[in-house]
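The values are calculated or read from the model by the stated rules, or taken from the named source; none is laboratory data. These numbers were taken from a predicted model, which means no experiment stands behind them. Because the Cβ atoms are built from the backbone with ideal geometry, glycine has one as well, and the counts that use them run over all protein chains shown.
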Amino acid sequence: MRGGDSEARPPNLEQELIDAVKHRILLIEDEVPIADSVAYALEQEGFEVQCAYDGLSGLSAVRSFYPDLIILDLMLPKLNGLDLCRTVRKESNVPIIILTAKTEEIDRILGLELGADDYICKPFSVKELIARVRAVLRRAESARDKEEISKFKVGGIELDVARRRVTVDGNPVHLPLKQFELLRVLMANKDRVVTREELFRKVWGTEAPIDTGTLDVHIRWLREKIEPDPSHPRYIKTLRGVGYRIVDSEA
């Protein structure tokens with residue numbers, strides 16, 4: 001932590017709501033002066049900050065620090081920001097704000113397509129960055145509040161969205177993010193056929209997948225995790241050419 005107590009400020013409702021729990025911010029930025037300046041400003045606002053100065057150490061910090069939000073520079077040594085964003089999104093839905101030069105429009109767009117929640121161009125105002133951090137955290141917390149009541153049960157399968165937990169016949173089952181989201185969408189639409197287009201839209205964010213076999217592969221992997229006999233599915237049924245539905249039993 002960097003030293004110095006912040007001056008007394010008038011009460012601020014938004015700050016009270018966002019900082020009621022001390023949020024962890026992971027800052028991945030290879031320019032040390034920028035990283036130090038931003039980290040100091042965030043800490044003055046009540047956030048707990050950890051810095052990483054290259055992509056590989058940043059990925060390690062994601063897996064050990066468990067941040068509530070990541071601020072990610074795109075131009076990083078050892079592992080670039082886009083590849084890091086892609087890897088993180090396979091493992092977690094932690095909010096990500098990317099830092100990018102104004103000339104890197106294609107990278108900004110690609111970063112958002114890979115799952116970043118917001119971006120800010122260099123050079124930037126630290127005050128603006130802090131405002132973006134609060135806004136992204138507020139949206140994430142609002143989404144979590146809605147998810148906290150989202151618990152689904154189909155037969156022996158139970159899914160808790162808020163805790164990102166799945167059990168089958170009482171036994172915990174680990175699902176990667178895409179498989180978890182597939183199961184969540186299917187269970188939220190129990191007994192209804194969910195079309196392939198709807199699944200791609202809700203899980204991958206697109207209705208026009210580059211590889212049309214992607215969905216079938218993920219469904220196969222999901223069945224291997226939750227079905228008593230994946231070759232004869234009890235829960236996830238296929239309507240060939242249309243989509244999938246989840247049911248309680250063979251009936």
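Structure values in brief
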{"quantity": "Cross-chain or 6+ apart pairs with Cβ under 7 Å, segment 77-88 first and part of a loop (DSSP other than H, G, I, E, B), then among the hydrophobic types (A, V, I, L, M, F, W, C) and surrounded by fewer than 16 Cβ atoms within 10 Å (Cβ to Cβ)", "calculated": "K78/L56; L79/L56"}
{"quantity": "Any hit, segment 236-251, residues being at pLDDT 90 or above, loosely packed, with under 15 Cβ neighbours inside 10 Å, more than 22 Å from the chain's Cα centre (by Cα) and on the phi < 0 side of the Ramachandran plot", "calculated": "yes"}
{"quantity": "Flag for D107 being of a type in the set (D, E, K, R), assigned by TED's automatic domain parsing to the domain that holds R138, at pLDDT below 90 and in contact with a strand residue (DSSP E or B) (Cβ under 8 Å, 6 or more places away or on another chain)", "calculated": "yes"}
{"quantity": "Residue match in segment 131-144 (condition: of a type in the set (A, V, I, L, M, F, W, C), modelled with pLDDT under 85 and closer than 21 Å to V203 by Cα)", "calculated": "yes"}
{"quantity": "Any hit, segment 96-115, residues being surrounded by 19 or more Cβ atoms within 10 Å (Cβ to Cβ) and polar (S, T, N, Q)", "calculated": "yes"}
{"quantity": "Single match in A101, A20, A39, A61 (criterion: more than 20 Å from the chain's Cα centre (by Cα), modelled with pLDDT of 85 or more and of a type outside the set (K, R))", "calculated": "A39"}
{"quantity": "Given (1) at pLDDT 90 or above; (2) aliphatic (A, V, I, L, M); (3) surrounded by 14 or more Cβ atoms within 10 Å (Cβ to Cβ), number of the condition V217 does not satisfy", "calculated": "(3)"}
{"quantity": "Residue tally, condition among the aliphatic types (A, V, I, L, M) and part of a loop (DSSP other than H, G, I, E, B), over segment 110-127", "calculated": "2"}
{"quantity": "Segment 36-62 residues that are farther than 21 Å from L79 by Cα, paired with ones that are surrounded by fewer than 22 Cβ atoms within 10 Å (Cβ to Cβ) and among the polar types (S, T, N, Q) (beta carbon under 7 Å, 6 or more apart)", "calculated": "Q44/S6"}
{"quantity": "Residue ID - nearest to Y53 (Cα to Cα), chosen from residues in segment 89-109 that are of a type in the set (A, V, I, L, M) and not in a strand (DSSP E or B)", "calculated": "V94"}
{"quantity": "Residue match in segment 135-156 (condition: in contact (Cβ under 8 Å) with a residue 40 or more places away in the chain, in a strand (DSSP E or B) and within 18 Å of E91 (Cβ to Cβ))", "calculated": "no"}
